[in-house]
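Student: Let me give you the structure first, and then I'll get to my questions.
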Amino acid sequence: MEPTILSGSLVLTFNKNQYNVHDIVVVSIAQDLSIIKRITSIQNKKIKLCGDNFNKSSSLCEPWYSIDQIIGKVIFNSSFLHKIIKAKEPSHIS
C-alpha cells in the first residue's frame with residue numbers, strides 16, 4: 001500500500017457492517033496471510049482491490065474476494081511516524 005502505508009507500519013482496523021469503495025481494508029486471503037489494499041469495486045458481496053503504488057502491479061488485486069474476508073477497515077496507520085523519524089535523522093558528516 002505504499003506510498004499511503006509504508007512497509008513495516010502498524011495499522012489499527014475497525015470491523016464494520018458495511019464497506020465502501022475507496023476504503024483501505026485488511027483482507028484475509030489465506031490461513032495466516034492478510035493483505036492491505038483499497039476497495040475499488042463492490043458487487044454481489046464481492047470486492048475488487050488495488051494498491052496505491054501505481055508503479056507496481058500486484059497479482060493479489062486480480063481476483064474478487066468475498067466481503068466476508070475483510071478483517072476490518074484501516075482507521076489508523078503509523079506511516080507518518082516513519083516519515084517524521086526519517087526527516088529528523090541527523091545528517092552524517094565525515
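Student: I want to confirm something. Restricting to the stretch 31-46 and keeping residues that are part of a strand (DSSP E or B) and loosely packed, with under 10 Cβ neighbours inside 10 Å, which single residue is nearest to the chain's Cα centre (by Cα)?
Tutor: If we filter the stretch 31-46 for residues that are part of a strand (DSSP E or B), which is where we start, we get 33-43, 46.
Then keep just the ones that are loosely packed, with under 10 Cβ neighbours inside 10 Å; that gives 33, 43.
Working: LEU33: 13, GLN43: 20 Å.
Among those that are part of a strand (DSSP E or B) and loosely packed, with under 10 Cβ neighbours inside 10 Å, it is LEU33.
Student: Now for a different question. Residue under question is SER28, and the condition is that it be of a type in the set (Ser, Thr, Tyr), under 17 Å from ILE71 (Cβ atoms), in contact (Cβ under 8 Å) with a residue 40 or more places away in the chain and not in a strand (DSSP E or B); does it hold?
Tutor: On the way: of a type in the set (Ser, Thr, Tyr): yes; under 17 Å from ILE71 (Cβ atoms): yes; in contact (Cβ under 8 Å) with a residue 40 or more places away in the chain: yes; not in a strand (DSSP E or B): no.
Spelling it out, it is not the case that SER28 is of a type in the set (Ser, Thr, Tyr), under 17 Å from ILE71 (Cβ atoms), in contact (Cβ under 8 Å) with a residue 40 or more places away in the chain and not in a strand (DSSP E or B).
Student: Quick one: which residue in LEU49, LEU12 is among the hydrophobic types (A, V, I, L, M, F, W, C), over 20 Å from ASP68 (Cβ atoms) and either outside any loop (DSSP other than H, G, I, E, B) or in contact with a helix residue (DSSP H, G or I) (Cβ under 9 Å, 6 or more places away or on another chain) (or both)?
Tutor: On the way: LEU49 fails: over 20 Å from ASP68 (Cβ atoms).
Only one candidate qualifies: LEU12.
Student: Kindly check whether there is at least one residue in the stretch 74-83 that is crowded, with 16+ Cβ neighbours inside 10 Å, of a type in the set (A, V, I, L, M), at pLDDT 85 or above and outside any loop (DSSP other than H, G, I, E, B).
Tutor: yes
Student: Restricting to the stretch 34-67, name every residue that is closer than 18 Å to SER7 by Cβ, aliphatic (A, V, I, L, M) and at pLDDT 95 or above.
Tutor: Matches in the stretch 34-67: ILE35, ILE36, LEU49.
The values are calculated or read from the model by the stated rules, or taken from the named source; none is laboratory data. Only a predicted model underlies this, so the values are computations on that prediction, with no experimental measurement involved. Don't worry about glycine lacking a Cβ; one is built from the backbone with ideal geometry, like all the others, and counts go over all protein chains shown.
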